[in-house]
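Enquirer: Below you will find the structure I want to go over with you.
We did not get these values from a lab; they are worked out from the coordinates using the rules stated. Computed from a predicted model, the values in this text were never measured in an experiment. So basically every Cβ, Gly included, is an ideal-geometry build from the backbone, and we count neighbours across all protein chains shown.
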Ligand SMILES: Cc1ncc(COP(=O)(O)O)c(C=O)c1O
């Protein structure tokens, strides 16, 4: 019989996990994985208290829309809980095709493919198309799913400073002219709330024959006509080869999609491991996204309220002297500059029953430790007043 004492050092990986400093700190300060016990719109029950959610990606506030909820329920009754298989095998259903066609039409694309997570879609949106020997130009602040896609592709990556046209131009000038090239951008950078300078960035690489991939997880539903996204906002639909995004934000569901020309989407279905070997999007999630997409086009007041709320919220933060990293969108960071200040601010907001998320280095650049907040169309005037009081209190606690 093996005694635990003797076998203690025989599994270095186990020891590494047990001694992990980052995990120890996370458990000590407990800022993440905080369970919410109940929710109704922007109001949540957490830690025995009623709070306002100020960190949700439910930008248009559709996750509690009665039509969305009813669509999810009806789809489950019709199709069961899960397709229990990959699209390439037993998991393809009529509702996937219907959602893909609807999304493609909305976005002005020939075709679309939906996955069970936005992370999968955005990773696949890069990894399916780039390969060893290619050169990828990547904004330094890309979301981790895009970095995972880049790594999986085995292409060589060249980073440029966040949203910097000058740096992209400089980096691009050093590249071998022969290698196939890809440019990877986000439409809206959610940690910063910045809109990508797409026209200028594309102009900086216009002679390089770059295949362009845009992750518009936070621009979709928020920018452009009826929320068609960041490239619609700039009128540059034809310039982007692959558009990928998540359905867990404005579409009030989970899952993601990749949209492009028909030949590019069929190529993805042939070559992307994430697409071939992962179980398909569930019936209820597809139905919720599909109904949210209808609502986006038929009930414009959600979009209008979101823009109004975002403006009011940013103005309120500025009036308190807070640094919002020049956010232009409903994703609004509050930059505090050190992890101690971020922690104090986050705690003060919790005390005042406002739920936010702390983001500290290395998740953000050094000196940019921040509180992530996001405003929704569902925040009422009363919510905004309570948020303003809490922010004023947190400022005093710094
Ligand atoms: C820019 C971006 N891309 C992709 C994703 C992944 O989407 P999901 O959470 O739906 O998997 C996220 C989610 O936070 C994101 O912010």
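Enquirer: Once you place label points 7 Å from the Cα toward the Cβ at residue 24 and residue 200, how far apart are they in nm?
Expert: Inter-label distance under the simple model: 4.5 nm.
Enquirer: Turning to a different aspect of this structure: Only Cα pairs under 8 Å and at least 6 apart count here; give the relative contact order of the range 90-222 as a rounded whole percent.
Expert: 21 percent.
Enquirer: Fewest first, what order do 360, 387 take by the number of other Cβ atoms within 10 Å? Don't jump to the answer; show the numbers that get you there.
Expert: Numbers: 360 21, 387 24.
Ordered from fewest to most neighbouring Cβ atoms within 10 Å, 360, 387 come out as 360, 387.
Enquirer: Still on this structure, please answer the following. Find how much the distance from residue 73 to residue 398 grows on full extension, using 0.36 nm per residue of separation minus their present alpha carbon separation; answer in nm with one decimal.
Expert: Full extension of this stretch gives 112.4 nm more.
Enquirer: Okay, next question. Rank 137, 120, 236 by mean-square fluctuation in a GNM of the chain with C-alpha springs under 10 angstrom and give only the top-ranked residue.
Expert: Highest fluctuation of the listed residues: 236.
Enquirer: Using only C-alpha positions, report the orientation-averaged shadow area of the convex hull of the range 64-298, nm², one decimal.
Expert: 11.8
Enquirer: Counting other beta carbons within 10 Å of each Cβ, put 222, 68, 258 in order, fewest first.
Expert: By the 10 Å Cβ count, ascending, the order reads 68, 222, 258.
Enquirer: Then there's this: Return the distance in nm (one decimal) between the two label points of a simple spin-label model at residue 10 and residue 351, each offset 7 Å from Cα along Cα→Cβ.
Expert: Each label point lies 7 Å from its Cα, and together they span 5.2 nm.
Enquirer: How big is the C-alpha Rg of the range 300-352 next to the rule-of-thumb value 2.2 N^0.38 Å, as a ratio?
Expert: With N residues counted in the range 300-352, Rg over 2.2 N^0.38 Å equals 1.30.
Enquirer: In whole Å, how far is the Cα centre of the range 219-253 from that of the range 64-137?
Expert: So the separation of the two Cα centres works out to 15 Å.
Enquirer: Using the 10 angstrom Cβ neighbour count as an exposure proxy, how do 398, 336, 175, 201 rank, fewest first?
Expert: Neighbour counts put them in this order, fewest first: 398, 175, 201, 336.
Enquirer: Could you work out the percent of alpha carbon pairs in the chain separated by over 32 Å, rounded to a whole number?
Expert: 39
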